[in-house]
Amino acid sequence: MITPRVERPNIHEFDFVIVGSGVAGLFAALHLADRGKVAIITKDELTECNTEYAQGGIAVALGEDDTAAEHAEDTIAAGAGLCEPHAVELLTTEGPGAVEELMRLGMRFDREGEELLRGREAAHGRNRILHASGDETGHEVERSLSRRAQVHPSITIFEHTQMTDLLVIEGRCVGCDALAHDGGERVRFVASVTILAAGGLGQIYAVTTNPLVTTGDGMAAAYRAGCRLMDMEFVQFHPTALYHEGSPKFLISEAVRGEGAVLRNASGERFMPGYHELGDLAPRDVVARSVFSEMRSDGRDFVELDFSSIPLERFLSRFPGIVAELRRRGFDIYSERVPVAPAAHYAMSGVLTDLHCRTDLPGLLAVGECACMGLHGANRLASNSILEGLVFGVRCARMAPTLPRLSYEQMGVAAELAPPPVRVGAPAIRSELQRLMQQCAGMERIGEDLAEARAEVDARVRQIATVPSASREEAEAANLVTLARLMLEAALARTESRGAHYRSDFPELDEAWHRHLTLRSGGPDGPIVEFAPVERPDA
Ligand code: SIN
């Protein structure tokens, strides 16, 4: 227990502060709660995050016909040569234990009798996807973990509180500054260990399945504080988001293709078998690019998903959320095919960490989608992301208490330090940026467009002023601009095509590029690009 040094309403002192409330943040919090006082800060309601919207499920080798080694093999094959094998081994071998623990905490997976039901998704060699309420797995994960966190006496939850910057003193992270939205008041969290579990950056694109909160706040703050980010060029596009007006796009889970649904072009032809031997269950990057290519040759903005081979009873019971949403939007699910198109879905990129979630900055850990240890390589295998949050949430919680605690003197200094200026980006920048990134850094990239977009975003980076206060929207827009600049830099540098990164001017995979790319801040001169080998010694 910490005795507060400074009794001020806008300074909070904790042992551990966790930014973000998806699966990684909540699981880490529950594991840390018997080691000290934990704060979870989250900028919206507790469960408004990518985890909440995950449909497909959790991939894990729990069946008797399956092994961790086979799960690892599929993960590595999907990752197009850039998966860190040690990270994959940890994910797949520690996964079953983490999932069993999740069940002990109250997670209710779908079962037949006592038996867990296991679905199939793209590029998995086995049926190993556990799911809940059919297609509402993420919601059930958030429900079970948030209920526990809300009643835990050592956990304090700060909703509607947005981390604006990390607090760094003498090369060590000592907490973070935040904006409390009710009133826009600036608050400070002082802690021995800060954990970024702040999620992805899908909102950098105009077409995304990610909710409005996914603005890469954790990655941008870590970059500003001097951490390296890795694999920024790799953003996964999900092949089958429902084609409709507005954003975010409604996801239609890959699990429907696992149950037999197929993709068809404007002529009604099944096209996936022509692109890959696994047909509609090819790796996600391959399916997304094939869909894109068919859309282009058909001159349409979508292809069609045909559910007719799935028996109706089965479809209704396995995908109640998708059925309800399609009906709500007026589709006749008994007879109609549904228009779908790719949408930005998941960041393989993030704050560079080792296998214990340590970043470049002492006192700062990162976990989940905002972190990057090279686990997913150039293309994440379907339904591995919630498992990542569980396995590395635990590892992060094991590491945090071993880090040096802040002394009372250091806490006092941290509490007294003047707040840094908040970066401001006009909200209008957001939609402009989303359009630009969709056009130039989407599923297909070309050097000329990337360079032009980089120049445009560079001008925006310079416009981001420093003034003493900001709204949530302004801070989010500034973070998106910062990360867009880094994504463009990385996408320009990687002159090959691999996984989710496709360059039409360099369409082949190039073995010389069998390496990761990291970026760190070089001040006004822009980011410094460096290379890291695959099988990094620290990973
Ligand atoms: C899906 O249900 O298709 C998405 C699963 C995932 O992103 O892993």
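A few points about this structure:
- Within region 309-330, residues that are free of Cβ contacts under 8 Å to residues at least 24 places away in the same chain have Cβ atoms under 9 Å from residues that are of a type in the set (D, E) in these pairs: V323/D135, counting only partners at least 6 apart in sequence or on another chain.
- Filter result (under 18 Å from F531 (Cα atoms) and surrounded by fewer than 23 Cβ atoms within 10 Å (Cβ to Cβ)) within region 495-516: T495, E496, L509, D510, E511, A512, W513, H514, R515
- Residue match in region 232-251 (condition: in contact with a helix residue (DSSP H, G or I) (Cβ under 8 Å, 6 or more places away or on another chain), away from the ligand (no atom under 16 Å from the Cβ) and at pLDDT 95 or above): yes
- Residue check for R296: open to solvent by 60 Å² or more (accessible area, probe 1.4 Å), free of Cβ contacts under 8 Å to residues at least 12 places away in the same chain and either under 24 Å from G442 (Cβ atoms) or touching a strand residue (DSSP E or B) at 6+ places or on another chain (Cβ under 9 Å) (or both): yes
- One residue stands out among those in region 258-293 that are hydroxyl-bearing (S, T, Y) and open to solvent by 20 Å² or more (accessible area, probe 1.4 Å): the one that is farthest from R327 (Cα to Cα), which is Y275.
- Annotation: of all residues in region 386-405 being buried (at least 24 other Cβ atoms within 10 Å of the Cβ) and among the aliphatic types (A, V, I, L, M), the one that is nearest to the ligand (Cβ to nearest atom) is I386.
- Of the candidates E476, E489, E530, the single residue that is closer than 23 Å to N379 by Cβ and crowded, with 17+ Cβ neighbours inside 10 Å is E489.
- Where a residue in region 510-539 is more than 15 Å from A220 (Cα to Cα) and its partner, wherever it lies, is open to solvent by 60 Å² or more (accessible area, probe 1.4 Å) and in a helix (DSSP H, G or I), with Cβ under 6 Å and at least six apart: A539/H86
- Total residues in region 278-300, condition part of a loop (DSSP other than H, G, I, E, B) and modelled with pLDDT under 95: 3
- Of the strands (runs of 3 or more DSSP E) entirely within region 313-385, those holding at least 1 residues that are within 14 Å of the ligand (Cβ to nearest atom) and at pLDDT 95 or above occupy 338-347.
- For the condition in contact with a Cys (Cβ under 9 Å, 6 or more places away or on another chain), in a strand (DSSP E or B) and aliphatic (A, V, I, L, M), A191 qualifies.
- Residue count, region 121-146 (criterion: within 14 Å of E70 (Cα to Cα) and either outside any loop (DSSP other than H, G, I, E, B) or among the basic types (K, R) (or both)): 3
For every residue, the table says whether it meets (1) within 19 Å of V391 (Cα to Cα); (2) crowded, with 24+ Cβ neighbours inside 10 Å; (3) away from the ligand (no atom under 16 Å from the Cβ).
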| site | (1), (2), (3) |
| --- | --- |
| G25 | yes, yes, yes |
| A28 | yes, yes, yes |
| H31 | yes, no, yes |
| G36 | no, no, yes |
| L46 | no, no, yes |
| E52 | yes, no, no |
| G56 | yes, yes, no |
| L62 | yes, no, yes |
| D65 | no, no, yes |
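- A single entry from E89, E100, E70 fulfils the requirement of being out of contact with any strand residue (DSSP E or B) (no Cβ under 9 Å at 6 or more places or on another chain), surrounded by fewer than 19 Cβ atoms within 10 Å (Cβ to Cβ) and in contact (Cβ under 8 Å) with a residue 40 or more places away in the chain: E70.
- Restricting region 242-257 to residues that are touching a residue at least 40 places away in the same chain (Cβ under 8 Å) and surrounded by fewer than 23 Cβ atoms within 10 Å (Cβ to Cβ), the residue that is nearest to G134 (Cα to Cα) is F250.
The values are calculated or read from the model by the stated rules, or taken from the named source; none is laboratory data. As the structure is a computational prediction, the values presented were derived from the model and not from experiment. Cβ atoms come from the backbone with ideal geometry, glycine included; neighbour counts cover every protein chain shown. When the accessible area is computed, the model is the full protein with side chains, heavy atoms only, and any ligands, DNA or RNA have been set aside. Shrake-Rupley method; radii C 1.70, N 1.55, O 1.52, S 1.80 Å.
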